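Derivation of every value follows stated rules applied to the coordinates shown; laboratory data play no part. Remember, predicted model here, so these are calculated numbers, not experimental data.
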Amino acid sequence: MTDKADFLLRDARPDDRIHLLLWDTPDESELVRIAFDNNAERVNYRKNLLQRIHPGENFLTLHHNLDLELDAIKSMCSGVNKQIVLLEGLDCLITYLQVTSGSHITLFWKQLEETRKLEKLLWILLPQQLAPKNWSSERIKRIPSG
């Protein structure tokens, strides 16, 4: 086991805002260790999205409903027994927004960064290339690959 997971997610401040955990090649065993060591709940955006899609819908139009996606992210912090949420799988929405419409990704990042009063401390796991350029460095933790 490497020392990649030897940090505390709970030390993040402010604790009612969203933080980014940038890691290009997350290892499942290290993710389990991070969650265990930090008493964090692992939540998957992709699985949540699949549960919210109606079978009769022919097209995803997530870029037209950014508020619904932001609400879904916030709701993933409620009903969790642990104090920290580690959100995985958001890369699919970010990639979708980058490909579908450039202006929507900028709005999404702005709204996500300004989100406050979350019920739990939220960390979003992303590859470094998907991280926004202007996100506050105090709210980013990078895990080196390899």
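Odds and ends about this structure:
- Residue among Asp67, Asp15, Asp91 with the largest mean-square fluctuation in a Gaussian network model of the chain, springs linking Cα atoms under 10 Å: Asp67
- Mean separation of Cα pairs under 8 Å and 6 or more residues apart, divided by the residue count, gives the chain a relative contact order of 46 percent.
- Cα gyration tensor shape for segment 60-146, rounded if a/c is under 1.5, else prolate or oblate: oblate
- Segment 115-130 - phi-based ³J(HN,Hα) in whole Hz, Karplus 6.51/-1.76/1.60, Gly and Pro as x: 4, 10, 6, 6, 5, 10, 6, 10, 10, 9, 8, 9, x, 4, 5, 9
- Relative to the longest principal axis of the Cα atoms of the chain, the long axis of helix 91-100 lies at roughly 40 degrees.
- The calculated P(r) of the chain, using every Cα pair and 10 Å bins from 0, goes 11, 43, 35, 11, 1 in percent.
- The alpha-carbon of Lys47 sits under 22 angstrom from the alpha-carbons of these lysines, leaving out residues fewer than 8 places away in its chain: Lys74, Lys82, Lys120.
- Folded to 0 to 90 degrees: helix 102-114 orientation relative to the chain principal axis, Cα: 50
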